[in-house]
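Enquirer: This structure is in structure tokens; I'll ask about it shortly.
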Amino acid sequence: MGYLETPEYKIYSREELKSIKPDMPDENIGKLVKAGWDRIAKPLDSLGVFEDLISRIGMISGSADIDIRKKAVIIMCADNGIVDEGVSQCGREVTLAVARSMGEAGTSVGKMAAYVQADTIPVDIGIDTSEKIEGVLDRKVARGTKDFYLEPAMSDEETLKAISVGIDMVRICRDKGYRLMATGEMGIGNTTTSSAVASALLKINPDDITGRGAGLDDAGLSRKRTVIKKSIDKYGLYEKTPFEILKTVGGLDIAGLAGVCIGGALYHIPIVLDGVISMVSALVAERLVPGVKDYLIPSHRGKEPAVNILSDALSLNPVIEGRMALGEGTGAVMMFALLDMAMCIYNDRTSFADIEIEEYKRF
């Protein structure tokens, strides 16, 4: 992980975040990529959504000569004070244990990423430990958030620093040659924080989008929903700005991943989203910096109830209908594999002339 170390990074202010105006992805490049698909010896549009996604990647990167061979999953790891309210099946010590394994590429996402020749970059953005974890990049903002049932989860400074960490991770990875990145996370309690943020941003009843996370029983689910509802009422979050919502009931991992999404728009890097926590982070990013969603690639439709609502809010349609809930970025890595397969057709470019048949025409 040493090659990613950097002594300092820019910390954005609220005003600087507001001033970011992403470029629109280049539609002319998209047309070139689509024309390239049409010249390939196959029925028109026969790879369906994958032709659109590869075209989108070309538009984002600014070239019809697409190269996504060097890929990485940026995994934000952080603890959440809200676990003190009994909203999770296990305690915060699990975050550290899993992060240690991530540092050795021993978790599911590490094994899957290795299989598709992608790198995993776990980041300690807020694990509740003083330990320097081997193989995990140290960008600690705080040792976890506060219990938002009692007080706001983060200060303004912590929230801005976490967002800035995510933005800077994209810059560093781009400079190291990565051309496709994905969002991953690890942190006990983060389905509670993400449900709270989504409920407040979308102004909907938490009961409609709050699921069981890693496996809560009925009593645990009821407690989780009650904690979220009472917290939204306590802080008046339905009337607050996206930044206030994030800092009040969000997490350092969500803030960091929001930064990754913003970084994708700033540095013209397509960002593949994972499941519900990544999607909440993406919605935060889009509300903070409108236009970010144009740089995002959906992956899978997980089983948390918020996914469909978030997909609609972001105008993104997840491709994989797997009902997964593993997190870590595993769904995004599955999407890496599918995009690679689509790219093998796009790059091979077997034409109709090559196989001596008449080219399909559009009418």
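The values are calculated or read from the model by the stated rules, or taken from the named source; none is laboratory data. Worth saying up front: this structure is predicted, and the values here are computed from it rather than measured. Virtual Cβ from ideal backbone geometry, glycine too; neighbours counted across all protein chains shown.
Enquirer: Would you pick out the residues in segment 19-37 that are assigned to a helix (DSSP H, G or I) and either within 18 Å of ILE54 (Cβ to Cβ) or at pLDDT below 95 (or both)?
Expert: Passing the criteria: GLU27, ASN28, ILE29, GLY30, LYS31, LEU32, VAL33, LYS34, ALA35, GLY36, TRP37.
Enquirer: Name the pairs: first residue in segment 247-262 and farther than 19 Å from SER231 by Cα and touching a residue at least 60 places away in the same chain (Cβ under 8 Å), second residue buried (at least 24 other Cβ atoms within 10 Å of the Cβ) and among the charged types (D, E, K, R), Cβ to Cβ under 6 Å, at least 6 apart or on different chains?
Expert: Within 6 Å, the pairs are ASP253/GLU185.
Enquirer: I'd like the full set of residues that are buried (at least 24 other Cβ atoms within 10 Å of the Cβ) and either in contact with a Phe, Trp or Tyr (Cβ under 7 Å, 6 or more places away or on another chain) or over 20 Å from VAL333 (Cβ atoms) (or both), limited to segment 162-179.
Expert: ALA162, ILE163, SER164, VAL165, ILE167, VAL170, listed by residue number.
Enquirer: Still on this model: From the list ALA306, ALA332, ALA325, exactly one residue is in contact with a Lys or Arg (Cβ under 7 Å, 6 or more places away or on another chain), of a type outside the set (Val, Ile, Thr) and crowded, with 18+ Cβ neighbours inside 10 Å. Which is it?
Expert: ALA325
Enquirer: May I pose another question? Output the number of the condition that THR226 fails; it satisfies all remaining conditions of (1) surrounded by fewer than 24 Cβ atoms within 10 Å (Cβ to Cβ); (2) in contact (Cβ under 8 Å) with a residue 24 or more places away in the chain; (3) more than 22 Å from the chain's Cα centre (by Cα).
Expert: (2)
Enquirer: Does LEU339 qualify as being hydrophobic (A, V, I, L, M, F, W, C) and crowded, with 21+ Cβ neighbours inside 10 Å?
Expert: yes
Enquirer: Of these, GLY236, GLY215, GLY187, GLY177, which one is touching a Cys at 6+ places or on another chain (Cβ under 8 Å) and either of a type outside the set (Lys, Arg) or at negative phi (or both)?
Expert: One residue alone meets the criteria, GLY187.
Enquirer: Have a look at ASP119, ASP84 and point out the one that is under 21 Å from THR159 (Cβ atoms) and of a type outside the set (Val, Ile, Thr).
Expert: Testing whether each residue is under 21 Å from THR159 (Cβ atoms) and of a type outside the set (Val, Ile, Thr) leaves just ASP84.
Enquirer: Scan segment 283-296 residue by residue and report those that are out of contact with any Asp or Glu (no Cβ under 7 Å at 6 or more places or on another chain), buried (at least 24 other Cβ atoms within 10 Å of the Cβ) and closer than 20 Å to ASP52 by Cα.
Expert: Hits for segment 283-296 are TYR295, LEU296.
Enquirer: Please go through (1) more than 30 Å from LEU221 (Cα to Cα); (2) touching a Pro at 6+ places or on another chain (Cβ under 7 Å) for MET102 and return the number of the only condition it doesn't satisfy.
Expert: Among (1) more than 30 Å from LEU221 (Cα to Cα); (2) touching a Pro at 6+ places or on another chain (Cβ under 7 Å), the lone unmet condition for MET102 is (1).
Enquirer: When the residues of segment 306-323 are filtered to those that are among the charged types (D, E, K, R) and either modelled with pLDDT under 95 or under 15 Å from the mean Cα position of the chain (by Cα) (or both), which remaining residue is farthest from PHE336 (Cα to Cα)?
Expert: ARG323
Enquirer: Sticking with this one: In segment 48-87, how many residues are without any contact (Cβ under 8 Å) to a residue 60 or more places away in the chain and part of a helix (DSSP H, G or I)?
Expert: Residues flagged as without any contact (Cβ under 8 Å) to a residue 60 or more places away in the chain and part of a helix (DSSP H, G or I) within segment 48-87 amount to 4.
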